[in-house]
Amino acid sequence: MTENVQVSGYKLVQKIGEGGMATVYLAMQESLDREVALKIMAPTLAANETFREQFMKEGRIAAKLTHPHLMTVHDIGSEKGVYYLASEYLPAGTLRDRMQRLNTAEVLEIVRDVASGLSYAHEMGFVHRDVKPGNIMFRSNGSAVLADFGIAKAIKSVSAATMAGNAIGTPDYMSPEQAQATPVDGRSDLYSLGAVLFECLAGHKPYEAGDAYAVALMHVTEPVPKLPEKLGWLQPLIDKSMAKQPAERFATGDAFVAELDRLLAANPKMDAVMRESRSARRRAVSAAKSSSSTATAPGGRKWIFAIGGIAAAIVLAGLSWWFWHGRAATPAATTIVNVPPPTEPTLTAPSPIPEPAPAADAALVQLDLPTLLSRGSEYFAYGQKNGGEKMSFPPGDNAVDLFHEVLKRDPGNAQATQGLQKIADFYANGAQTALKNGLYTGADVLVESGLRADPKNAALLQLKTQLAKAEGGG
Ligand SMILES: Nc1ncnc2c1ncn2[C@@H]1O[C@H](COP(=O)(O)OP(=O)(O)OP(=O)(O)O)[C@@H](O)[C@H]1O
Ligand SMILES: [Mg+2]
């Protein structure tokens, strides 16, 4: 298992884990004769120049973060094309592995630890971007640490450089602004921490749906999830950390901790349990140390949906763009069905998409038919991978407008007609998924986008009827 990888100065002992982007080994750092976790980045990442630059840059920054609840980075480097990061070895497993077995007091203590680590890092100007149970790990003394500062940013830089969106990883804990590929700050991490807290307490993820795209969309549009009744006293912590708007969230990790303390103070019984659990957890962790230190973490469910498959972030970027720039201008826009009103304003316009240029429509007139057609096909292909960008927006510079221009000059042009039909089908598929998951707002937007390409598309018209019925019934 370890025979192919070599890093000077380190003796690889055994593989201890594998993530979507790296393999982690237990290794001996020979100079200091100490155990370390050696993370070897996947060759596909190492082959990417942007990643290499960001990895070194972010790794150096991450190494400057010193806090009891952040994983300590010892070393970062590259050798013969192998990019590695050596950090403290965390023998007691991840929160993902032990989530099911924790009681409420233990859960609260863990999130308190992580919140304090985040507070420090945010103050230093760093955003984690991938707070999730797999990145919350335990020292042998039982304290929780947040791992992988800097790495998420480096990984995301790859997709950002190769395409218009930059979401990667699991959408389960993703903040609405991250799902929309808009800029994030520390409050995005606190949202993710709130989502982790929710899962630990409720026993299931905040939003569950058939695919990553739908889950990401739910973070944007669905109401904050509700804890089981008996844990209702902690709902304010979830409500505030998972608020759709960053401005409504805790401004800092310390504010999160303060609210937790306030809720605990209002529940004196819980406060006492919490104190007791601290020592109990440390005992349990020490006992589990030997067994978990050799276990290879299961890969688990992996959503890697920015590279390759549907770029959920971009679909959302497109959706939100449409909300702000397209929706009001569409006279036939259907009434939104079954949608809680507070969700819509949370959609914000992503920065990378420019304001419609006033002269854009005029520019189309100057293009000849072959150019319109070939550009239309290119835009279609691009839009398929980028959630509709260039397919139906921005105005005047998208496949729908290009194909419509062709039909204006050459009614019945087969290539343009076909192009528009394919675009309509693309949106029909997306709308179907959204509808299946109860995401009426999203489905409605996708249906309208599709109908703009082909007002006669049967699937879209059927979906529109279904949505109208849902409205009548809800
Ligand atoms: N410092 C460490 N000490 C001990 N084990 C570790 C350490 N860092 C990572 N691991 C183990 O290696 C596994 C893979 O880590 P990695 O960060 O590559 O992926 P991940 O965070 O689990 O998932 P993803 O690839 O989706 O980010 C972890 O789940 C954990 O079990
Ligand atoms: Mg990790």
13 Å beta-carbon shell around Pro370, net charge (K/R +1, D/E -1): -2
- request: Treat the count of other C-beta atoms within 10 Å as a stand-in for reagent exposure and order Arg129, Arg96, Arg60 from fewest to most.
  value: Arg60, Arg96, Arg129
query: Quick one: if the Förster radius is 41 Å, what FRET efficiency do Asp271 and Ser140 give, using the C-beta to C-beta distance and rounding to 0.05?
result: 0.95
- prompt: What number comes out for the charge environment of Met28, summing +1 per Lys or Arg and -1 per Asp or Glu over other residues with Cβ under 14 Å away?
  reply: -3
message: Students often forget the sequence filter, so: which lysines lie under 27 Å Cα-Cα from Lys408 once same-chain residues fewer than 8 apart are removed?
response: Lys390, Lys422, Lys456, Lys464
- prompt: How much length is gained on full extension from Asp185 to Glu53, taking 0.36 nm per residue of separation minus their Cα-Cα distance?
  reply: 45.4 nm
field: Pair Gln14, Gln100: separation of 7 Å Cα→Cβ label points (nm)
entry: 2.3
- line: Once both label points are put 7 Å beyond Cα along the C-beta direction, the Gln6-Glu248 separation in nm becomes 5.8
- line: Excluding residues fewer than 8 positions from Lys269 in its own chain, the aspartates and glutamates with Cα under 20 Å of it are Glu106, Glu109, Glu229, Glu259, Asp261
query: Taking the Cα-to-Cβ direction at Asp261 and at Glu229 and moving 7 Å from each Cα, how far apart do the two end points lie in nm?
result: 3.3
message: Cut-off under 14 Å on the C-alpha distance; same-chain residues fewer than 8 positions from Lys57 excluded. Which aspartates and glutamates are left, in chain and number order?
response: Glu49, Asp75, Asp148
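Read-outs throughout are calculated quantities, based only on the coordinates presented, and are distinct from any laboratory measurement. Predicted, not measured: the structure shown is a model, and the values here were computed from it. Heads up, the Cβs are rebuilt from the backbone with ideal geometry, glycines too, and the neighbour counts pull from every protein chain shown.
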